[in-house]
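This report concerns only the one structure given below.
FYI, it's all coordinate maths here, none of it is from the lab. What you see is a predicted model, and the numbers here were worked out from it, not measured in a lab. Methodologically, a virtual Cβ is constructed for each residue, glycine included, from the backbone with ideal geometry; neighbour enumeration extends over all protein chains shown.
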Amino acid sequence: MNFQDISTRFANDLSGSDAFKLLYRGAFDLMKSDLDNAGLYFVIGVAAQAFVQKYEDQGITVEFADNAKAKMVALNTRILAALAVEPAQRLRILGEVATEYEWNVTAF
């Protein structure tokens, strides 16, 4: 399974912690087999894992879950774009995604 497959599965899953759990497990697994892009997978895995750790046993609204999923899909889309470009551009996009998550994604 590659990141495109993992990202598509996440986008098509129902919103909620189960989808985020599959995403972070898939991203972390990819780190082992694709060392050149492990940093890209790591930032997605950490973000998805943070959602699970915060909300797995919580009651959250459908609206909240859908908004969180939309933010995660947007981050995944950026990572997919990074995988298609040269390493220098890839590193720049990784920095942008990490910064976006740290400073602009407050839900998880």
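Each residue, Asp36 and Ala74, gets one label point 7 Å from its Cα in the Cβ direction; the gap between the two is 3.0 nm.
Rounded to the nearest 20 debye, the dipole magnitude of the chain is 100 debye, with +1 charges on Lys and Arg beta carbons, -1 on Asp and Glu beta carbons, and the Cα centre as origin. Residue order for Thr77, Thr106, Thr99, fewest other beta carbons within 10 angstrom first, comes to Thr106, Thr99, Thr77.
Spin-label model, Lys21 to Glu96: label points 7 Å out along the Cα-to-beta-carbon direction sit 3.3 nm apart. In the chain, the DSSP-assigned H stretches of four residues or longer account for a calculated mean residue ellipticity at 222 nm of -26500 deg cm²/dmol, using -39500 (n - 2.57) per stretch and the full residue count as denominator. For the pair the range 1-67 and the range 85-108, the centres of their Cα atoms are 15 angstrom apart.
Partner aspartates and glutamates whose Cα lies under 19 Å from the Cα of Lys71, excluding those fewer than 8 positions away in the same chain, are identified as Asp5, Asp13, Asp18, Glu56, Glu63, Glu96, Glu100, Glu102.
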